[in-house]
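Undergrad: Here it is, the structure, as structure tokens.
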Amino acid sequence: GSSEQQQVFQRALTLCPRLADAHYNLGLNLLKQNRVDDAIASFNRALDLEEDPLFMRGLARAELQKGDLDSAEKQYRKVLVIGSDSAAAYQGLAAVAERRGEMSAALDALRQAIQLNPRDGTSFYNLGVLLERSGRIEEAAESYKTATERNESSAEAFLALGTALLRMGKLEGAESALRRALLLAPENPATLVGAALVGINLGRVSVITFG
């Protein structure tokens, strides 16, 4: 569990306090526990030892989780200056812009991420989310569809595609996408609801009777 991993990283740091990777991994572990301030401190210790763009992104994620959007943006822009992990940095900048309500800037940042790494399904999924929030449902569905093609194991993307198609009245396509989502994440209640709605529209609802 998270606490066991935390103990491993802390033991490593006791033996070698200048191990930047251990500070970074401890920060990730603390962030999962929602100990945001402690995570920020760990990421900063890692960065004091090594100016690694991965550590900058970790710090930016923590700052974003804390709600310090200016600090998060500063770290993501540092990553862009270094020139590595730029696609991930643009995804982060999109998250910052979305939190600020700057939808156009968020969409632009995601398109930059896609241009740099067109094989990454996450950027297409996130683009679909923002397009759907903007009321551009057909464009959102296309983006979700691409996300499912890039990552065929993403229940989240298939669910989003299915619900978007359902909203558009494209029931057969919605059914297909939601069935795939159900296969990938049968425990997710949202996929069950979506599949049920499609079933209702297609007249395929089974009624349970008690003998």
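The values are calculated or read from the model by the stated rules, or taken from the named source; none is laboratory data. The structure presented is a predicted model; accordingly, all values stated were derived computationally and were not measured. Glycine also receives a Cβ, built like all others from the backbone with ideal geometry; neighbour counts cover every protein chain displayed. Side chains included, ligands, DNA and RNA excluded: accessible areas come from the protein's heavy atoms. Shrake-Rupley method; radii C 1.70, N 1.55, O 1.52, S 1.80 Å.
Undergrad: Under a cut-off of 13 Å between alpha-carbon atoms, report the aspartates and glutamates in cross-link reach of residue 78, not counting same-chain residues fewer than 8 places apart.
TA: Cα-Cα hits under 13 Å: 51, 52, 70.
Undergrad: Dipole magnitude of the range 53-163 about its Cα centre, charges +1 at Lys/Arg Cβ and -1 at Asp/Glu Cβ only, in debye to the nearest 20?
TA: So the dipole magnitude of the range 53-163 works out to roughly 320 debye.
Undergrad: With every protein chain present, what is the per residue accessible area of the range 119-185 (1.4 Å probe, Å²)?
TA: 49 Å²
Undergrad: May I pose another question? Would you mind pulling out the separation of the Cα centroids of the range 35-56 and the range 143-193, in Å?
TA: Rounded to whole Å, the Cα centres lie 37 Å apart.
Undergrad: To make sure I understand the rule: partners must be aspartates and glutamates, Cα under 14 Å from the Cα of residue 32, and not fewer than 8 residues away in the same chain. Which ones qualify?
TA: Those aspartates and glutamates meeting the cut-off are 4, 63.
Undergrad: How large is the charge dipole for the range 14-73, taken about the Cα centre, if only the Cβ atoms of Lys, Arg (+1) and Asp, Glu (-1) carry charge, to the nearest 20 debye?
TA: 300 debye
Undergrad: Right, here's the next one. Could you go through the range 44-58 in sequence order and give the Karplus-derived ³J(HN,Hα) for each residue, using 6.51 cos²θ - 1.76 cosθ + 1.60 with θ = phi - 60°, rounded to whole Hz, and x for Gly and Pro?
TA: Rounded to whole hertz, the list is 5, 5, 4, 6, 4, 8, 7, 7, 9, x, 5, 5, 4, 5, x.
Undergrad: When the chain is fully extended, how far beyond the present Cα-Cα distance does residue 105 get from residue 167, taking 0.36 nm per residue of separation?
TA: 19.7 nm
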